[in-house]
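Worksheet: the structure to be examined is printed underneath.
The values are calculated or read from the model by the stated rules, or taken from the named source; none is laboratory data. Note that the structure is a prediction, hence the values are computed from the model and not measured. All Cβ positions, even for glycine, are placed from backbone atoms using ideal geometry, and neighbour counts span all protein chains on display.
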Amino acid sequence: MPPHRVIRFMKVLLIGSGGRENALAWKIRQSSLCSELFCLPGNPGTSAWAHNVNLSALDFKAVGDFVLENGIDLVVVGPEDPLVKGMRDYFQADPNLAHILFVGPSSKGAMLEGSKDFAKQFMLRHAIPTAAYRSFTKETLSEGQAFLESLTAPYVLKADGLAAGKGVLILNNLEEAKQELANMMEGKFGAAGNTVVIEEFLKGIELSVFVLTDGKDYLMLPSAKDYKRVGEGDTGLNTGGMGSVSPVPFADELFMKRVEELIVKPTISGLQSDGIDYKGFIFIGLMNCNGNPYVIEYNVRMGDPETESVMTRIESDLLAHLEAAAKGTIASQKIVIAPYTALTVICVSGGYPESYPKGLPISGVEPLCYKAAPESVKVFHSGTKMLCQEQQETLVTAGGRVLAVTVNGPSIESCRERAYKEIEKIKFEGIYFRRDIGCDLL
Ligand code: AMP
Ligand code: GLY
């Protein structure tokens, strides 16, 4: 690989189109190292900070051509899908693209998220605390059902592959669990369920931990709590995430030290000893079981809606950190994290996470309502679209999660008060949001 050029200002390409990318775009654009930012494909929110590029992130040739034609220095990948499908490998294999700085792991590294079985074997091999498990396929279905009989409820079944966050079932009834195991192998989640991981149920409180690594060293980003269930009091169906809070009171210094020693360090050294060159984010979903952390899952990207909260608490230059991660010099970086709280409430379409309408007009969003921290309010766009009709632009809904309202303040209480006041201004038909984000942490 040719030596990296010495860069003073960078042209950056951010891949993705959600609230996470909106928050990343906002943060990257603050950097004095950023000369120009592109977001592919982006959304109406990212267009405040970046030039949106109307291409598919999975069309690697088109992305590569865009990078060369526009003199991009650094690529940052937001979602997992292009990584699991080998975007980094594509860049590395092309002599014209191999020198481009790239934040995101190879497809091998991305298997930490792309295959639950791979991730469990990795954790076992490197003695990283996680729930006990066994994997089964259609051929071993009856062994899987017998294994379920040997466990006590609740039963945790996980489709091995990517299933858009829906591939995990937690069931209280043994017969139902045995039936669902068969259903998964019969294609309930498509090919993702050809292999199913059955694991021990962990009782505790969840935490999302974020690491940026160059494969040798790492920075710990702020951690956050995500609210996954659609209903207040953590009830109802699982969603992509209905809100987030950072910092998380129970993730104190002692607990985070344990996370670093027992999980983060063995993960990085495990990647190294397995010969996986990992440059990018690692999102560790973990369970705090009486003060002891256990890994629930790895993701090879930032979380959404955690990123919306997390980015507003990073005071140091994220782009400098990203550049160092891509170059292998992250040991030279120091992250500065603000002491104040960040809280994000997601406004979703009525019906989400099941079917919901799209194309409904949105009012009350002031895109540049980005006042200075720590008293700031930001409205990040997730599923929105700008509709142009008869020379008039209307912002409309275009997804389940529509907008993320992120507030910074001195406490969870003050952030909650401000966030819900801001949300009152936002209107679209069927708007729904949880009113209890952060309540469990008070
Ligand atoms: P995952 O996609 O692996 O993150 O699982 C989705 C959700 O299921 C997690 O965020 C947890 O709330 C829950 N979950 C997954 N694995 C377990 C487990 N072993 N014990 C308890 N809850 C779990
Ligand atoms: N908020 C959880 C996730 O991004 O997967």
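Of the residues VAL197, VAL230, only one is more than 15 Å from ligand 2 (Cβ to nearest atom), in contact with a Phe, Trp or Tyr (Cβ under 9 Å, 6 or more places away or on another chain) and outside any loop (DSSP other than H, G, I, E, B); which?
Just one listed residue meets the conditions, VAL197.
State whether the residues of the range 351-358 include one that is hydroxyl-bearing (Ser, Thr, Tyr) and surrounded by 13 or more Cβ atoms within 10 Å (Cβ to Cβ). The answer is yes; a qualifying residue exists.
Here the range 278-295 is the region considered, the condition is being among the aromatic types (Phe, Trp, Tyr) and away from ligand 2 (no atom under 16 Å from the Cβ), and the residue that is surrounded by the most Cβ atoms within 10 Å (Cβ to Cβ) is TYR278.
Quick one: would you say LYS116 is crowded, with 20+ Cβ neighbours inside 10 Å, touching a residue at least 24 places away in the same chain (Cβ under 8 Å) and within 16 Å of ligand 2 (Cβ to nearest atom)?
yes
Taking the criterion of being within 15 Å of ligand 1 (Cβ to nearest atom) and among the charged types (D, E, K, R), would at least one residue in the range 121-141 satisfy it? Looking through the range 121-141, at least one residue is within 15 Å of ligand 1 (Cβ to nearest atom) and among the charged types (D, E, K, R). Please pick out the residue among PRO105, PRO79 that is under 16 Å from the mean Cα position of the chain (by Cα), crowded, with 24+ Cβ neighbours inside 10 Å and at pLDDT 95 or above. Exactly one residue qualifies, and that residue is PRO105. Scanning the range 1-25 for residues that are surrounded by fewer than 24 Cβ atoms within 10 Å (Cβ to Cβ) and either modelled with pLDDT of 95 or more or among the basic types (Lys, Arg) (or both) turns up ARG5, ARG8, MET10, LYS11. Annotation note: of GLY109, GLY144, the sole residue that is more than 15 Å from ligand 1 (Cβ to nearest atom), part of a helix (DSSP H, G or I) and under 26 Å from GLU206 (Cα atoms) is GLY109. Taking ARG134, is it touching a Phe, Trp or Tyr at 6+ places or on another chain (Cβ under 6 Å) and more than 16 Å from ligand 2 (Cβ to nearest atom)? Against the criterion (touching a Phe, Trp or Tyr at 6+ places or on another chain (Cβ under 6 Å) and more than 16 Å from ligand 2 (Cβ to nearest atom)), ARG134 qualifies.
Within the range 315-343, the set of residues being closer than 20 Å to ALA98 by Cα and among the hydroxyl-bearing types (Ser, Thr, Tyr) comprises THR329 only. Of all the criteria given as (1) charged (D, E, K, R); (2) within 27 Å of LEU322 (Cα to Cα); (3) more than 14 Å from ligand 1 (Cβ to nearest atom), the one not satisfied by GLU232 is (2).
Out of ALA191, ALA177, I need the residue that is of a type outside the set (Val, Ile, Thr), closer than 21 Å to GLU139 by Cα and either within 13 Å of ligand 1 (Cβ to nearest atom) or surrounded by 20 or more Cβ atoms within 10 Å (Cβ to Cβ) (or both). Which one?
Working: ALA191 fails: either within 13 Å of ligand 1 (Cβ to nearest atom) or surrounded by 20 or more Cβ atoms within 10 Å (Cβ to Cβ) (or both).
Sole residue among the options that is of a type outside the set (Val, Ile, Thr), closer than 21 Å to GLU139 by Cα and either within 13 Å of ligand 1 (Cβ to nearest atom) or surrounded by 20 or more Cβ atoms within 10 Å (Cβ to Cβ) (or both): ALA177.
Please work out if ALA224 is within 22 Å of the chain's Cα centre (by Cα), within 26 Å of ILE268 (Cα to Cα) and within 16 Å of ligand 2 (Cβ to nearest atom). Spelling it out, ALA224 is indeed within 22 Å of the chain's Cα centre (by Cα), within 26 Å of ILE268 (Cα to Cα) and within 16 Å of ligand 2 (Cβ to nearest atom).
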